[in-house]
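A short worksheet on the structure shown next.
The values are calculated or read from the model by the stated rules, or taken from the named source; none is laboratory data. Just so you know, these numbers come straight off a predicted model, no measurement behind them. Glycine gets a Cβ as well: all are built from the backbone with ideal geometry, and neighbour counts include every protein chain shown.
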Amino acid sequence: NLNWQRALYPPLAAQVNPTATIEDAIYSVVELSYGAQQGHGHVALTLAEVTLAQITAPNFTDYESCTATISYGRLNPAFPLAGSTYGQYGNNYPLVGGQMARIPAFIYSADLLPAFTSTAQGPRVTPATNLTLDGMSASGALSLSTLTPTVAWTAPANARSYDVVVYRLLAAPDANGNTFAAAARIFTSATSVTLPQGVMAAGTRYVIRVRTLSEPTGDAVNAPFRRGSWPFGFADALTGTIIQP
(Lines give C-alpha, C1' and ligand atoms only; values in the text may rest on other atoms or scores of the structure.)
Protein backbone atom coordinates (compact mmCIF):
# COMPACT_ATOMS: atom_id res chain seq x y z
CA ASN A 1 0.00 0.00 0.00
CA LEU A 2 1.29 3.42 -0.97
CA ASN A 3 1.19 6.09 1.73
CA TRP A 4 3.80 8.45 0.35
CA GLN A 5 4.39 11.59 2.39
CA ARG A 6 5.63 13.45 -0.68
CA ALA A 7 4.65 16.86 0.71
CA LEU A 8 7.43 16.59 3.30
CA TYR A 9 10.17 16.88 0.69
CA PRO A 10 9.91 20.45 -0.75
CA PRO A 11 10.33 22.21 2.63
CA LEU A 12 13.54 20.25 3.24
CA ALA A 13 15.26 22.03 0.33
CA ALA A 14 16.16 24.87 2.68
CA GLN A 15 17.98 22.39 4.93
CA VAL A 16 19.99 21.07 1.98
CA ASN A 17 21.09 24.68 1.40
CA PRO A 18 19.15 27.95 1.77
CA THR A 19 19.21 28.43 -2.01
CA ALA A 20 18.65 24.79 -3.05
CA THR A 21 15.50 23.78 -4.94
CA ILE A 22 13.72 20.46 -5.29
CA GLU A 23 13.82 18.78 -8.69
CA ASP A 24 11.86 15.58 -8.22
CA ALA A 25 10.52 13.04 -5.74
CA ILE A 26 10.59 9.33 -6.60
CA TYR A 27 9.02 6.23 -5.06
CA SER A 28 10.25 2.80 -6.15
CA VAL A 29 9.86 -0.90 -5.45
CA VAL A 30 12.89 -3.01 -6.45
CA GLU A 31 13.76 -6.69 -6.53
CA LEU A 32 17.12 -7.51 -4.97
CA SER A 33 18.75 -10.45 -6.70
CA TYR A 34 21.81 -10.34 -4.45
CA GLY A 35 19.96 -10.90 -1.16
CA ALA A 36 18.60 -8.47 1.38
CA GLN A 37 21.48 -8.98 3.80
CA GLN A 38 23.84 -7.30 1.33
CA GLY A 39 22.12 -3.93 1.75
CA HIS A 40 21.24 -1.81 -1.27
CA GLY A 41 22.41 0.89 -3.63
CA HIS A 42 20.77 4.04 -4.88
CA VAL A 43 17.67 3.40 -7.00
CA ALA A 44 19.00 2.20 -10.35
CA LEU A 45 18.52 -0.59 -12.85
CA THR A 46 21.56 -2.83 -12.38
CA LEU A 47 22.37 -6.53 -12.68
CA ALA A 48 21.62 -6.93 -8.98
CA GLU A 49 18.65 -4.58 -8.55
CA VAL A 50 15.62 -4.37 -10.84
CA THR A 51 12.96 -1.68 -10.54
CA LEU A 52 9.46 -3.19 -10.58
CA ALA A 53 7.41 -0.04 -9.96
CA GLN A 54 8.22 3.66 -9.86
CA ILE A 55 6.23 6.84 -9.24
CA THR A 56 7.54 10.39 -9.70
CA ALA A 57 6.18 13.85 -9.04
CA PRO A 58 3.88 14.64 -12.02
CA ASN A 59 5.43 17.36 -14.17
CA PHE A 60 8.01 17.75 -11.37
CA THR A 61 5.66 20.20 -9.65
CA ASP A 62 3.01 18.12 -7.85
CA TYR A 63 4.35 17.22 -4.41
CA GLU A 64 1.10 16.47 -2.60
CA SER A 65 1.12 13.38 -0.41
CA CYS A 66 -0.76 10.45 -1.90
CA THR A 67 -2.20 7.06 -0.98
CA ALA A 68 -2.95 4.21 -3.37
CA THR A 69 -2.56 0.51 -3.99
CA ILE A 70 0.08 -0.36 -6.58
CA SER A 71 0.61 -3.64 -8.42
CA TYR A 72 3.70 -5.01 -10.11
CA GLY A 73 5.02 -8.25 -11.61
CA ARG A 74 7.83 -10.34 -10.14
CA LEU A 75 10.90 -11.62 -11.94
CA ASN A 76 11.72 -14.14 -9.23
CA PRO A 77 9.44 -14.54 -6.20
CA ALA A 78 12.38 -15.95 -4.24
CA PHE A 79 14.22 -12.62 -4.35
CA PRO A 80 13.55 -10.07 -1.58
CA LEU A 81 11.80 -6.77 -2.28
CA ALA A 82 12.75 -3.33 -1.04
CA GLY A 83 10.96 0.00 -1.28
CA SER A 84 12.55 3.41 -1.41
CA THR A 85 11.57 7.04 -1.64
CA TYR A 86 13.73 10.09 -2.14
CA GLY A 87 13.70 13.77 -2.89
CA GLN A 88 16.20 15.07 -5.44
CA TYR A 89 17.54 18.61 -5.06
CA GLY A 90 20.10 20.86 -6.67
CA ASN A 91 22.02 24.02 -5.85
CA ASN A 92 23.76 26.42 -8.26
CA TYR A 93 27.35 27.61 -7.90
CA PRO A 94 29.06 30.25 -10.09
CA LEU A 95 32.20 29.23 -11.92
CA VAL A 96 35.14 31.55 -12.45
CA GLY A 97 34.46 31.51 -16.21
CA GLY A 98 30.93 32.82 -15.74
CA GLN A 99 29.00 29.57 -16.19
CA MET A 100 27.10 27.78 -13.44
CA ALA A 101 27.59 24.39 -11.77
CA ARG A 102 24.57 22.60 -10.36
CA ILE A 103 25.43 20.08 -7.66
CA PRO A 104 22.80 17.45 -6.81
CA ALA A 105 21.69 16.37 -3.35
CA PHE A 106 19.30 13.69 -2.09
CA ILE A 107 17.15 12.77 0.89
CA TYR A 108 16.65 9.01 0.66
CA SER A 109 14.93 6.27 2.67
CA ALA A 110 14.58 2.54 2.05
CA ASP A 111 13.47 -0.64 3.78
CA LEU A 112 12.52 -4.20 2.96
CA LEU A 113 8.93 -5.08 2.18
CA PRO A 114 6.53 -5.50 3.90
CA ALA A 115 8.09 -3.28 6.58
CA PHE A 116 8.48 -0.39 4.11
CA THR A 117 4.74 -0.24 3.35
CA SER A 118 3.55 -0.90 6.90
CA THR A 119 4.04 2.77 7.83
CA ALA A 120 3.86 6.09 5.98
CA GLN A 121 6.77 6.50 3.57
CA GLY A 122 8.86 9.63 3.96
CA PRO A 123 12.28 10.89 5.06
CA ARG A 124 13.98 8.65 7.62
CA VAL A 125 16.63 11.29 8.34
CA THR A 126 17.00 14.98 7.50
CA PRO A 127 20.16 16.92 6.56
CA ALA A 128 22.78 17.98 9.07
CA THR A 129 22.31 21.57 10.19
CA ASN A 130 24.53 24.49 11.18
CA LEU A 131 27.34 23.73 8.73
CA THR A 132 30.45 25.76 9.59
CA LEU A 133 34.00 26.10 8.30
CA ASP A 134 36.50 27.12 10.97
CA GLY A 135 33.57 28.43 12.99
CA MET A 136 32.06 30.52 10.16
CA SER A 137 28.65 29.77 8.69
CA ALA A 138 29.09 27.72 5.52
CA SER A 139 25.60 28.08 4.06
CA GLY A 140 26.68 30.93 1.76
CA ALA A 141 29.86 31.91 -0.06
CA LEU A 142 32.93 32.41 2.12
CA SER A 143 36.68 32.89 1.76
CA LEU A 144 39.18 30.88 3.77
CA SER A 145 42.68 31.70 4.97
CA THR A 146 43.76 28.06 5.40
CA LEU A 147 43.97 25.05 3.10
CA THR A 148 43.11 22.66 5.95
CA PRO A 149 39.82 23.98 7.35
CA THR A 150 37.57 22.15 9.79
CA VAL A 151 34.01 21.56 8.64
CA ALA A 152 31.53 20.95 11.46
CA TRP A 153 27.78 20.42 11.76
CA THR A 154 24.95 19.56 14.12
CA ALA A 155 23.67 16.00 14.00
CA PRO A 156 20.00 15.46 13.08
CA ALA A 157 17.84 12.78 14.70
CA ASN A 158 18.58 9.17 13.64
CA ALA A 159 22.11 10.02 12.47
CA ARG A 160 24.68 7.22 12.74
CA SER A 161 27.60 8.39 10.63
CA TYR A 162 28.58 10.77 7.82
CA ASP A 163 29.93 10.67 4.27
CA VAL A 164 31.75 13.94 3.51
CA VAL A 165 32.72 14.80 -0.06
CA VAL A 166 34.77 17.83 -1.14
CA TYR A 167 33.90 18.97 -4.67
CA ARG A 168 36.30 21.12 -6.68
CA LEU A 169 34.51 23.57 -8.95
CA LEU A 170 36.09 23.76 -12.40
CA ALA A 171 36.86 27.16 -13.87
CA ALA A 172 34.64 26.28 -16.85
CA PRO A 173 32.90 23.15 -18.14
CA ASP A 174 35.35 20.57 -19.45
CA ALA A 175 35.11 18.74 -22.79
CA ASN A 176 32.50 16.37 -21.33
CA GLY A 177 30.41 19.18 -19.83
CA ASN A 178 31.49 18.47 -16.25
CA THR A 179 31.51 21.49 -13.97
CA PHE A 180 32.84 19.92 -10.77
CA ALA A 181 34.93 16.96 -9.61
CA ALA A 182 35.40 15.13 -6.32
CA ALA A 183 38.63 16.12 -4.56
CA ALA A 184 38.23 14.00 -1.42
CA ARG A 185 35.83 11.68 0.40
CA ILE A 186 35.89 11.08 4.14
CA PHE A 187 33.70 8.78 6.27
CA THR A 188 33.32 9.60 9.95
CA SER A 189 31.13 9.06 12.96
CA ALA A 190 32.12 12.46 14.39
CA THR A 191 30.36 15.75 13.68
CA SER A 192 33.45 17.51 12.37
CA VAL A 193 36.28 16.82 9.94
CA THR A 194 39.55 18.66 9.40
CA LEU A 195 40.56 18.39 5.76
CA PRO A 196 44.09 17.03 5.33
CA GLN A 197 46.83 18.82 3.45
CA GLY A 198 46.57 18.36 -0.31
CA VAL A 199 42.78 18.32 -0.63
CA MET A 200 42.41 22.04 -1.27
CA ALA A 201 44.61 24.28 -3.42
CA ALA A 202 44.98 28.05 -3.54
CA GLY A 203 43.05 29.92 -6.22
CA THR A 204 40.29 27.29 -6.42
CA ARG A 205 36.62 27.13 -5.49
CA TYR A 206 35.04 24.23 -3.59
CA VAL A 207 31.73 22.90 -2.24
CA ILE A 208 31.43 20.38 0.59
CA ARG A 209 28.59 17.86 0.80
CA VAL A 210 27.84 16.37 4.21
CA ARG A 211 25.72 13.23 3.85
CA THR A 212 24.11 11.97 7.05
CA LEU A 213 23.74 8.18 7.10
CA SER A 214 21.04 6.48 9.14
CA GLU A 215 21.01 2.72 9.68
CA PRO A 216 20.60 0.41 12.69
CA THR A 217 24.07 -1.10 12.23
CA GLY A 218 27.10 -0.46 10.08
CA ASP A 219 30.61 0.97 10.31
CA ALA A 220 31.08 3.88 7.93
CA VAL A 221 34.66 4.45 9.04
CA ASN A 222 36.08 0.93 8.69
CA ALA A 223 33.64 -0.63 6.20
CA PRO A 224 32.06 2.29 4.29
CA PHE A 225 30.83 0.24 1.32
CA ARG A 226 29.30 -2.61 3.32
CA ARG A 227 25.79 -1.62 4.26
CA GLY A 228 24.33 -2.33 7.66
CA SER A 229 20.86 -3.62 8.35
CA TRP A 230 17.57 -2.16 7.18
CA PRO A 231 15.97 0.39 7.28
CA PHE A 232 18.48 2.72 5.68
CA GLY A 233 18.45 6.40 4.80
CA PHE A 234 20.66 9.37 4.03
CA ALA A 235 20.27 13.12 3.68
CA ASP A 236 22.60 15.66 2.08
CA ALA A 237 23.57 19.16 3.13
CA LEU A 238 25.62 21.43 0.86
CA THR A 239 27.84 24.34 1.77
CA GLY A 240 27.96 27.53 -0.21
CA THR A 241 30.91 28.34 -2.48
CA ILE A 242 34.22 28.02 -0.63
CA ILE A 243 36.82 30.38 -2.10
CA GLN A 244 40.50 29.70 -1.62
CA PRO A 245 42.35 32.96 -2.48
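Spot the failing condition for ILE208; the list is (1) out of contact with any Ser or Thr (no Cβ under 6 Å at 6 or more places or on another chain); (2) crowded, with 18+ Cβ neighbours inside 10 Å, and only one is missed.
Status for ILE208: all satisfied but (1).
Please work out which one of (1) hydroxyl-bearing (Ser, Thr, Tyr); (2) more than 20 Å from ASN17 (Cβ to Cβ); (3) surrounded by 17 or more Cβ atoms within 10 Å (Cβ to Cβ) is the condition THR194 fails and give its number.
The one condition THR194 does not meet is (3).
Tally time: how many residues in the range 137-183 are among the hydrophobic types (A, V, I, L, M, F, W, C) and closer than 20 Å to VAL16 by Cα?
16
Give the residue that is surrounded by the most Cβ atoms within 10 Å (Cβ to Cβ), with candidates limited to residues of the range 93-136 that are among the polar types (S, T, N, Q) and under 17 Å from PRO10 (Cα atoms).
Ranking the candidates gives GLN121 first.
Given the options ARG211, ARG160, ARG205, name the one that is out of contact with any Phe, Trp or Tyr (no Cβ under 7 Å at 6 or more places or on another chain), among the charged types (D, E, K, R) and within 30 Å of PRO123 (Cα to Cα).
Answer to the check: ARG160.
State whether one or more residues within the range 190-211 are touching an Asp or Glu at 6+ places or on another chain (Cβ under 6 Å) and closer than 22 Å to SER143 by Cβ.
Yes, there is a match, as at least one residue in the range 190-211 is touching an Asp or Glu at 6+ places or on another chain (Cβ under 6 Å) and closer than 22 Å to SER143 by Cβ.
Take the conditions modelled with pLDDT of 75 or more, part of a loop (DSSP other than H, G, I, E, B) and either in contact with a Lys or Arg (Cβ under 8 Å, 6 or more places away or on another chain) or closer than 18 Å to ALA110 by Cα (or both) and apply them to GLU31. Does it pass?
Considered against the rule, which asks whether it is modelled with pLDDT of 75 or more, part of a loop (DSSP other than H, G, I, E, B) and either in contact with a Lys or Arg (Cβ under 8 Å, 6 or more places away or on another chain) or closer than 18 Å to ALA110 by Cα (or both), GLU31 comes out as no.
Of the numbered conditions (1) hydrophobic (A, V, I, L, M, F, W, C); (2) in contact with a Pro (Cβ under 7 Å, 6 or more places away or on another chain); (3) closer than 30 Å to ILE70 by Cβ, LEU195 satisfies every one except a single condition; which is it?
Failing condition for LEU195: (3).
If PRO224 meets every condition in (1) under 27 Å from LEU12 (Cα atoms); (2) touching a Phe, Trp or Tyr at 6+ places or on another chain (Cβ under 8 Å); (3) modelled with pLDDT of 95 or more apart from one, which number is that one?
Condition not satisfied by PRO224: (3).
Are there any strands (runs of 3 or more DSSP E) wholly within the range 41-134 with 1 or more residues that are modelled with pLDDT of 95 or more and in contact with a helix residue (DSSP H, G or I) (Cβ under 9 Å, 6 or more places away or on another chain), and if so which?
81-94, 100-112, 129-133
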